[in-house]
Amino acid sequence: MQGVVKLNADQIVPGHGVVQTRAAVEARLKAVEEKRAKIVAMVKEGKSLNEIKAAVDDSSPPPAGGERRPASFASFSEVIYNEVKK
């Protein structure tokens, strides 16, 4: 998303989903960065994955256009938790 924001375009046309404004992409990027920082801090505090999932809203917002991610995909919290625990 950082690369998309750097394009300095007013509207973003994704490969899937609806056209988005630059402001919408920036807002989503900010939310993702804040959530990631919170998860990283909690991992460093020794919190378990279940504690982290309970503390952050682990229900990922649907991708642009409202598509749903398959249930077999790891949640955002799981991905960041595993990345930090390595």
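What the table shows:
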{"read-out": "Residue count for segment 47-73, restricted to those that are modelled with pLDDT of 65 or more and within 25 Å of residue 20 (Cα to Cα)", "value": "4"}
{"read-out": "Filter result (surrounded by 12 or more Cβ atoms within 10 Å (Cβ to Cβ) and more than 12 Å from the chain's Cα centre (by Cα)) within segment 39-51", "value": "40, 41, 42, 43, 47, 49, 51"}
{"read-out": "Odd one out for residue 37, checked against (1) assigned to a helix (DSSP H, G or I); (2) farther than 12 Å from residue 80 by Cα; (3) hydrophobic (A, V, I, L, M, F, W, C)", "value": "(2)"}
{"read-out": "Segment 5-17, residues that are assigned to a helix (DSSP H, G or I) and surrounded by 11 or more Cβ atoms within 10 Å (Cβ to Cβ)", "value": "5"}
{"read-out": "Residue 37 being of a type in the set (Gly, Ala, Ser) and modelled with pLDDT of 95 or more", "value": "yes"}
{"read-out": "Qualifying residue in segment 18-33 (condition: modelled with pLDDT under 90 and part of a loop (DSSP other than H, G, I, E, B))", "value": "yes"}
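The values are calculated or read from the model by the stated rules, or taken from the named source; none is laboratory data. Quick caveat: nothing in here was measured; it's all calculated off a predicted structure. Cβ atoms come from the backbone with ideal geometry, glycine included; neighbour counts cover every protein chain shown.
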